[in-house]
Structures are given as structure tokens and as C-alpha cells.
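See structure below.
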There are 2 protein chains.
Amino acid sequence: MTEWIQALRDAVGAEKVLDSPVDLIAYSFDGTFEQVLPDVAVLPKTTEDVAAVVKVAAKYTVPVVPRGMASGLAGGSLPARGGIALSLTRMNRVLEIDRENMTVVVEAGVVTADLEKEVAKVGLFYPPDPSSNRQSTIGGNIACNAGGPRCLKYGVTGDYVLGLTIVLADAKILKTGGKPIKNVVGYDLTSLFVGSEGTLGIFTQALLRLVAAPKFVRTARAEFASLDDAARAVNAVLAAGIVPATLELMDETAIACIEEAMGLGLPLDVEAMLIVETDGSDAEGVVREIEAAARICRESGARQVRVARDEEEREGLWRARRSVSPSLIRQAPNKLGEDITLPRSAIPEAVRRIKAISARYDLPIVVFGHAGDGNLHPNILFDRRDPAQREKVEQIVGEIFQAALDLGGTLSGEHGIGTFKLPFMRQAVGSASLDAQRAIKRALDPQNILNPGKVLPEP
Amino acid sequence: MTEWIQALRDAVGAEKVLDSPVDLIAYSFDGTFEQVLPDVAVLPKTTEDVAAVVKVAAKYTVPVVPRGMASGLAGGSLPARGGIALSLTRMNRVLEIDRENMTVVVEAGVVTADLEKEVAKVGLFYPPDPSSNRQSTIGGNIACNAGGPRCLKYGVTGDYVLGLTIVLADAKILKTGGKPIKNVVGYDLTSLFVGSEGTLGIFTQALLRLVAAPKFVRTARAEFASLDDAARAVNAVLAAGIVPATLELMDETAIACIEEAMGLGLPLDVEAMLIVETDGSDAEGVVREIEAAARICRESGARQVRVARDEEEREGLWRARRSVSPSLIRQAPNKLGEDITLPRSAIPEAVRRIKAISARYDLPIVVFGHAGDGNLHPNILFDRRDPAQREKVEQIVGEIFQAALDLGGTLSGEHGIGTFKLPFMRQAVGSASLDAQRAIKRALDPQNILNPGKVLPEP
């Protein structure tokens, strides 16, 4: 083992290679409860550093596990089989903002909110907004094809990736894509690498598409006595040709948690609340759209709809949505947040099944998420010191996935597969898909050194 | 040879297998000047038929070349190495329209305009609008990731593909994706197959995303004495946060051709015209957007801007754009339409270089295209009966591609690579990319039976 670590030191410089116990612990976590120690952590500064690391890893057949800020929720950045934890956080520069073509080139370790701030300075807008955007890096976002509330209107991370610089398993540097928006020149490697969770190559830079920053925004909150009515409102808004920036759902359990934690005066006798936001460059149009959405919510059975009149009221309406996750801590010491996606029409039935699962296992499950694109986050509240509860959670997760699959949905809309969802992959995608994916993995990483044991279950 | 053809007849029924000389000629053309005879043409009716054909092809190592209506412009559907011309035109059913989830399931052989009409009946909208949409099939559109004028606002074909049914090279049937809009469950196989031009698998069905049909549309035409001003106007409109449905450019050569053919009263003393169209569900917003776009065009130096006041005037404004291709026939017996894409900012310089190439070779090149997304169609006018002109055209195409690559652009935005652009692939994407693409091709089609000789040049 010391031989390959020495080779790493020779390749990138000893100061970038850490293997003290305390350093290894620092790189042994992600956003889940799991912990796995790497043999060594490496902190590259350049694409060439990364290529040098992969060259050593390839020579000695050592796993390389790329990570950004390790906020992932599926175990994807944990060094499951030891080896090298490759942290890209020192590669965090914004390299070029091209105002005319509305593009930006960033290193993979840039924190997403920093990128957003940087381009906002010149009136540009990077729309994807994972809730973790103050912690997570753009490289991690790309690795998981992260989404967020705004993705209903604007699309997910992958929709903004025009090109990638990738270190492949043979240490070659691949550049995909370019500034042209349309590009049908060979296979769409960019899209193949987006969402591949570090198993096909290591992203070091990304060329991202930007849009003009919307100048106006309006927000409304609608309360529904019936969850079905809320779901119907979501469909009716979209069918009317309104494309809200966000269309967020909270179920009664979520509302109760927030209210207990924050005392915002939320109604405790409704089954669901929606938060709708419209935005754009035309003030009157944005106002008319939110009013049309509000009207449709009322027509679909909303008991009350409030459109924020100013930024303060808007802030008030959002406070509830943003309080969901923090408020859960008061209910139980731990939570496990899942990430199923569904055909929109299946949302009410999915929530009902999740409620039934919760009742059967006697553990609270809070449901909220991005109703407009059918992406729900059921959060199971529990105490992980209690082995019986831990076991229940495992079974609950399985049942939630089963419900999603039965309803034509799937395992993840934003978080990815990592190791956590491996047992459900075959059922989710089928064996023909797994075979094809494994063939691609073998073709691009024949030694299986790039984040081994993730995304694809062992045959 | 007769043995494998007999095996095909046994597999799918003799009535689906054609090998008379006249039938073979019918399946020997595409939208280019080239002609290559297949050994046999097969007309499957079902996914299982396609799988049966591929099984025979795999057993006897015979090329299978899928084709829709064969309107492609890069040679992609020509049976370059003989074998089986697999025409999917009999698989042309719309199988399911899901109004609530706004999706449609179609067979690959549906003509795109028919699909558009079918979903319009229930108020839904399939946006991608390749100019060939009355001839071309959705399967072909997906194989080339086709675009069109509306793709500026709405995105290209691939942005609407939620899932595919694909027959793989081993005759297994792969289903990718599903109705959930967000999906981060393993590698994005759907995107990998989109644009793969039949070289990785044969699409038999597609699950497509739809949107609500825009209720209102407004159109403007702006005339620019200076091409640079027109290009500046394009950028200024987008920078203002306006997202027109279309933003089309015609250069002076295109305008002159149309005027000579149609006598529409177009100005012959301008360098460029733009056609801008806004659409949406909010009548006033659509009007305000077109007016804002018109104002920006004027501020950017447009000599005249006309906003159509009614459908008749709108039709009049579009007549010019739609007349480009037909009008070219009056200028020369043949045309070769190219399909370069550029960073938007490079459009003026690209047009200047194309003009210089045209002057140098003394052959007219008409330039028009989708300026908003940087996709230009330089059309070279010539007489292919003249070998000297044919040779010039070949050189001109090479120089146009070189100009596009030099300016940060690339070879194709809509048409694909086929065989025509093979010689430019290495320079366009680099050898690391070619190696990765070849590895993927080998992994999924180790016998190289699926549309061999396309997309990827021989090593």
C-alpha cells in the first residue's frame, strides 16, 4: 500500500496527499449516516493533478472516489472500497463568464451558490437550485444531475451543461461539447457523464449555459382541505399553459412539523399546501400569471390562496417551505429523506400509500417536494440509536420505492443511486438496461477503478 | 446470401421482406444525392419484428440500417455497406395520449407533423419543428436529435424524449426512461441513444413529453442594413430576458433569391433580415414581448421593423422565410444545405467567412438559419452535372466546417454526421472523444451490425 501512496506523492506533490487518521476521518463522511475511511485523501489543484492521480490509481488498481462537498444523500461519494478520496474542493475557480454567449466555465469544486452569485453580478442567472446549493459543488450537482424547486420551469443541472472536462479511467483528458447550444456531432457524451456519479470519469471543469436573470417574481400559497384537490390544481395550472418557476407541495405532516417548530400560523386542518412562484422579464405578465394560477387553485378547491403583495410577504410565504427540513429535527433525532419521482397524476395515490406505510410501521413520514415535476421527498423520522427503528426504516424505504415503481415512478429525481439504492436498481430499470449500463461502464473503466460499487449493482 | 434472406422471411413473414430490383431502388435513397442499394428491404410492423430481424442480422453478421422517411441530409439512413434497409414507416401509430401527465407514446415511424396534429386535438403541443416535419418521422428526428425554428424557446427533439423502446444489437429489447420528468437512476441511456443515428440500437417506440399549446403568437420582421447589427439585435433580445419562440436570420443572398422567385417586395439593399416570433398563454404578455423585441431591433440599428397585426400579415412575414429553400431551385439545379452551429457571438464573422469562401470559389452560398441558437444553414448552389462544380462543393464544405470549428462551433446542429461529415469528426471532437465513442459502440454493438460506417470514422 505504501508504494502506491508514495507514487501519488511523487505524482502530485506530498502536500496534496493526506493520510493522517484525522484527515482520513474528515473524508469518510457524506450527507448520509454512513462512514467509510479512505486509504488516502488527495486534494488536486488542476486537471493535470487529477489525471496524475488516476494514472497512479490505474497502475496500482486502486479505487478513486471523487467528491465535492460530500453533501450527497445516497452514499455516492463515500470511499466504499477504500482507496483514494479525491476531493475537488480546491478547484473552485470561476474561469470565464461570457456575457454575449451567456456561458460560464467553472472548476468542478465551485460551490453552486457561489457560482450563482458570481454570474448574477453581470445580470446572468444559473437556475438549478438544489436545496444544498450553499454546500454542494457544481461537480457534485452534475454527478447527480441535481434538481431543485426552480427546475420545473428551468430544467435540471444537466440542462445547463454544455460541455465537460473529464479525466477518464486511463488518465486521458476528454473535453465534451462546446459553446454552441445545438450539437449533434457523435454520441452525446456530455449527457452520458451527467448523472454518472463519478463512475465513468472525473469532472474537473464544466461549461455551463446561463440565462438572463428574471427581473420580477411573484409568489402565492394555496391551502387545500383535500390533497386530491391540490394535485388537481397542479395539473390544471400546467394545462393552462402557465409555467411557474416553482410549484411546491407540503402535506399535512410537513405543515404540522413546521407549525410546531415555528408557530407561523399555518392551518392544521388542511391536507396540503402549494407554493407557486412565477417569474420573468415582464412585470405585468408575471403578476397576471400568478393571479391566473391563484384563480385556478381556487377553482380546484383551495380553501385559501394568498398572493404575496411585497417581498416581505413573499419571504413569509417561503419561510414555511424552507422550514420543513430544520423543523423535522424537533420531531425525532434523525431523518432519512427520500427522493422518488412519479408521473404527476400519481402524486395523490403516492402520498396516500406513504401515509399507509407510515401508519403500518408507526413512524412519521413527512412528505414535501416539487409537485410540478412529480418529485417527492418523503422524510422518515426516527431514532437511529434504536435498532428496531433502524430496521423499520430500511423496510419503509423499500416499500416507498415499491410504491413509486408500482405507480410508474422511479427511485430518484435528484439524489442519485450511490450505494443506498443499489438493491432496487434491477427492478427499476430492468436487466436489459443494467446489461447496457454495465457494458458502458466496462468499456470506459475496464479496471473498475472509478468509484467502484456505485450506481450499478454487482451482477 | 440467400440463406440469411430466407431466414429473414421465416422470422418476420415473407410479405415484409422485399428484394425485387425496384423495391431495392426505392430504399436506396435519402435526402442527399447519394444512392446505395441494400440487399433487402424489411418492413416490420412490431418491435418483435424488429428484434427478429436483428437476431437474423446478428447470426449472419449482416448490416441493419434503420430508416424512417429517409429525408436525412447526411447519408445516415443509406445502406452504405448493403445488408438490410429496415424501414419503420409501417410502425406509425400514436399509441397513447396521456392528457394529465402531458405525454404521448408513438411508434418510431409516425410522421412528425401527424404527431403534432394528433396531440393538438386535445390542446397539447409537441414543439420540435424540423423543416421536414411533414416528411420526416419521429424515429428519424430522434436519431438525429432534430431541431427547428421553435427550438430556441422550446429545445430540440431530445428535450422531449422521456423514454425509448430500443432493439439492441443482440436483439434484446431495452426500455429506457418513463413518465417521471426527473430521473436520475443510472446512466442516461435515453440521451445516449438520442442522436446516435441508428448505430447503437433501433428505436421502435418513443415516450414524449408535451406542453400546453401556446394560445397566442406574434411575429415581427426586422431589416438590417448591417449584418453585425442584426447579430447584435439577436443577443440584445436574449439578454433582455425575452425568449422568442423563434429568431430566424436570412442573409442578403437568401433575400435576393426569395425576391427573385416570389416578388414579395423584400428589400434588396439590406444585409440581413430577422424574423422574431413570441408565443405564450398570456395575450398581452405575448404582445408586449414582441414589441420589446421590435424596440430592441430598432435600437440595435434595424432600418425597419414590422410587427404583424393579424394572421394574414403574420402569414405574409413567414412566407419569405419558408420560401428560402424552394426559391433556391431557380438559381441553380442543385443545392447542398449545411448545418453548422456556432457560439451566437460568432455569427457575423461566420457569415463573412462564408461570403469570402463563396467569392473565392465563385459559387453562390445562401445563408439562413436559427440565429437565436447559433445554428446556420449555408446552402451551396451548384450544378452537379458539372464535375468541376462538384469538386468545388466538396472543398467549400470543408472550408465551411473549418470556419465553424475555428470559431468555436461545430459540424451539425440538426442533421447529424451520417457518412458525409465523417472526415471532419476527429478534428471536431478530438481523439479522446472518438476513442470513448468507439468504446461505447463496441460495447453495445460488438459485431458492428447496426448502421455500420456511420457517425464514427474508421480508426
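The values are calculated or read from the model by the stated rules, or taken from the named source; none is laboratory data. Only a predicted model underlies this, so the values are computations on that prediction, with no experimental measurement involved. Cβ: placed from backbone, ideal geometry, glycine included. Neighbour counts: every protein chain shown. These accessible areas exclude ligands, DNA and RNA; they are computed on the full protein's heavy atoms, side chains included. Shrake-Rupley method; radii C 1.70, N 1.55, O 1.52, S 1.80 Å.
Taking the listed residues A:V366, A:V397, A:V351, the one that is surrounded by fewer than 22 Cβ atoms within 10 Å (Cβ to Cβ) and among the β-branched types (V, I, T) is A:V397, with no other qualifying.
One line per residue, one yes/no per condition, for (1) closer than 30 Å to A:E394 by Cα; (2) open to solvent by 10 Å² or more (accessible area, probe 1.4 Å); (3) within 14 Å of chain B (Cβ to nearest Cβ); (4) in contact with a strand residue (DSSP E or B) (Cβ under 7 Å, 6 or more places away or on another chain):
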residue: A:A236; (1), (2), (3), (4): no, yes, yes, no
residue: A:M250; (1), (2), (3), (4): yes, no, no, yes
residue: A:D279; (1), (2), (3), (4): no, yes, yes, yes
residue: A:A294; (1), (2), (3), (4): no, no, no, yes
residue: A:E313; (1), (2), (3), (4): no, yes, no, no
residue: A:G316; (1), (2), (3), (4): no, yes, no, no
residue: A:R322; (1), (2), (3), (4): yes, yes, no, no
residue: A:I329; (1), (2), (3), (4): yes, yes, no, no
residue: A:D339; (1), (2), (3), (4): yes, no, yes, yes
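Going by the structure shown, is B:K454 facing chain A (nearest Cβ under 9 Å), buried (at least 21 other Cβ atoms within 10 Å of the Cβ) and either more than 29 Å from B:L152 (Cα to Cα) or of a type outside the set (D, E) (or both)? When the stated conditions are applied, B:K454 does not pass them.
When the range A:371-381 is filtered for residues that are modelled with pLDDT of 95 or more and either in contact with a Cys (Cβ under 7 Å, 6 or more places away or on another chain) or open to solvent by 10 Å² or more (accessible area, probe 1.4 Å) (or both), only A:H377 remains.
Kindly indicate whether B:E259 is within 29 Å of the chain's Cα centre (by Cα), surrounded by 15 or more Cβ atoms within 10 Å (Cβ to Cβ) and under 20 Å from B:H370 (Cβ atoms). Step through it out loud before you land on a result.
Details: within 29 Å of the chain's Cα centre (by Cα): yes; surrounded by 15 or more Cβ atoms within 10 Å (Cβ to Cβ): yes; under 20 Å from B:H370 (Cβ atoms): no.
No, not satisfied.
Given the criteria farther than 15 Å from A:T103 by Cα, within 8 Å of chain B (Cβ to nearest Cβ) and open to solvent by 10 Å² or more (accessible area, probe 1.4 Å), does A:I181 qualify? Criteria not met by A:I181. Counting only residues that are touching a Pro at 6+ places or on another chain (Cβ under 9 Å) and outside any helix (DSSP H, G or I), the range A:418-450 holds 4 of them. Listed conditions (1) under 12 Å from the mean Cα position of the chain (by Cα); (2) open to solvent by less than 20 Å² (accessible area, probe 1.4 Å) are all met by A:V64, apart from (1). Evaluating A:E116 against the criteria (1) facing chain B (nearest Cβ under 7 Å); (2) more than 23 Å from A:P452 (Cβ to Cβ) leaves one unmet condition, (1).
Could you list all residues from the range B:169-178 that are at the interface with chain A (Cβ under 7 Å from one of its Cβ atoms) and open to solvent by 10 Å² or more (accessible area, probe 1.4 Å)?
Step one: filter the range B:169-178 for residues at the interface with chain A (Cβ under 7 Å from one of its Cβ atoms), giving B:172-176, B:178.
Scanning the range B:169-178 gives B:K172, B:I173, B:K175, B:T176, B:G178.
Hey, among B:F193, B:F216, which residue is within 30 Å of B:R295 (Cα to Cα) and within 10 Å of chain A (Cβ to nearest Cβ)? That would be B:F216, the only listed residue that is within 30 Å of B:R295 (Cα to Cα) and within 10 Å of chain A (Cβ to nearest Cβ).
Within the range A:219-228, how many residues turn out to be surrounded by fewer than 24 Cβ atoms within 10 Å (Cβ to Cβ) and away from chain B (no Cβ under 13 Å)?
Of the residues in that region, 5 qualify.
Among the residues of the range B:374-402, which ones are more than 10 Å from chain A (Cβ to nearest Cβ), over 14 Å from B:L363 (Cα atoms) and touching a residue at least 60 places away in the same chain (Cβ under 8 Å)? Break it down into steps so the answer makes sense when it comes.
Initial filter on the range B:374-402 (more than 10 Å from chain A (Cβ to nearest Cβ)): B:376-402.
Add one more test, that the residue is over 14 Å from B:L363 (Cα atoms), and what stays is B:376-377, B:385, B:398, B:401-402.
Of everything in the range B:374-402, those that are more than 10 Å from chain A (Cβ to nearest Cβ), over 14 Å from B:L363 (Cα atoms) and touching a residue at least 60 places away in the same chain (Cβ under 8 Å) turn out to be B:L376, B:F401.
Looking only at residues of the range B:429-451 that are at the interface with chain A (Cβ under 9 Å from one of its Cβ atoms) and of a type in the set (A, V, I, L, M), we find that the one that is surrounded by the most Cβ atoms within 10 Å (Cβ to Cβ) is B:A436. Scoring B:G413 on the criteria (1) closer than 19 Å to B:E271 by Cα; (2) within 14 Å of chain A (Cβ to nearest Cβ) leaves a single failure, condition (1). With respect to (1) closer than 21 Å to A:Y60 by Cα; (2) under 24 Å from the mean Cα position of the chain (by Cα), the lone exception for A:I5 is condition (2). For the range A:119-137, a residue qualifies if it is open to solvent by less than 30 Å² (accessible area, probe 1.4 Å) and within 11 Å of chain B (Cβ to nearest Cβ), and the qualifying residues are A:L124, A:F125. As a summary of the residue check, B:G82 satisfies the conditions (1) under 19 Å from B:G198 (Cα atoms); (2) of a type outside the set (K, R); (3) open to solvent by 40 Å² or more (accessible area, probe 1.4 Å); (4) assigned to a loop (DSSP other than H, G, I, E, B) except for the one numbered (3). Whenever a residue of the range B:213-235 is touching a residue at least 60 places away in the same chain (Cβ under 8 Å), its partners that are basic (K, R), lying with C-beta atoms within less than 7 angstrom and at least six residues away or across chains, give the pairs B:T219/B:R314; B:A220/B:R306; B:R221/B:R306; B:E223/B:R303; B:F224/B:R303; B:A225/B:R303; B:V234/B:R344; B:N235/B:R344.
Hey, among the residues in the range B:296-311 that are modelled with pLDDT under 95 and among the acidic types (D, E), which one's most open to solvent (accessible area, probe 1.4 Å)? Checked the range B:296-311; the qualifying residue most open to solvent (accessible area, probe 1.4 Å) is B:E311. For the range A:138-157, filtered to residues that are of a type in the set (G, A, S) and buried (at least 23 other Cβ atoms within 10 Å of the Cβ), the residue that is nearest to the other protein chains (Cβ to nearest Cβ) is A:G147. When the range B:346-365 is limited to residues that are touching a Lys or Arg at 6+ places or on another chain (Cβ under 9 Å) and modelled with pLDDT of 95 or more, the one that is farthest from the other protein chains (Cβ to nearest Cβ) turns out to be B:D362. Looking across the range A:88-113 at every residue that is assigned to a loop (DSSP other than H, G, I, E, B), crowded, with 16+ Cβ neighbours inside 10 Å and touching a Gly at 6+ places or on another chain (Cβ under 9 Å), the one that is nearest to the other protein chains (Cβ to nearest Cβ) is identified as A:N101.
Does B:G186 satisfy the criteria of being crowded, with 22+ Cβ neighbours inside 10 Å and either more than 8 Å from chain A (Cβ to nearest Cβ) or in contact with a Pro (Cβ under 9 Å, 6 or more places away or on another chain) (or both)? Break it down stepwise before answering.
Details: crowded, with 22+ Cβ neighbours inside 10 Å: yes; either more than 8 Å from chain A (Cβ to nearest Cβ) or in contact with a Pro (Cβ under 9 Å, 6 or more places away or on another chain) (or both): no.
No.
For the range A:334-343, does any single residue satisfy the condition of being in contact with a Leu (Cβ under 6 Å, 6 or more places away or on another chain) and of a type in the set (K, R)? Looking through the range A:334-343, at least one residue is in contact with a Leu (Cβ under 6 Å, 6 or more places away or on another chain) and of a type in the set (K, R).
Inside the range A:396-417, residues that are in a helix (DSSP H, G or I) and among the polar types (S, T, N, Q) make up a count of 1.
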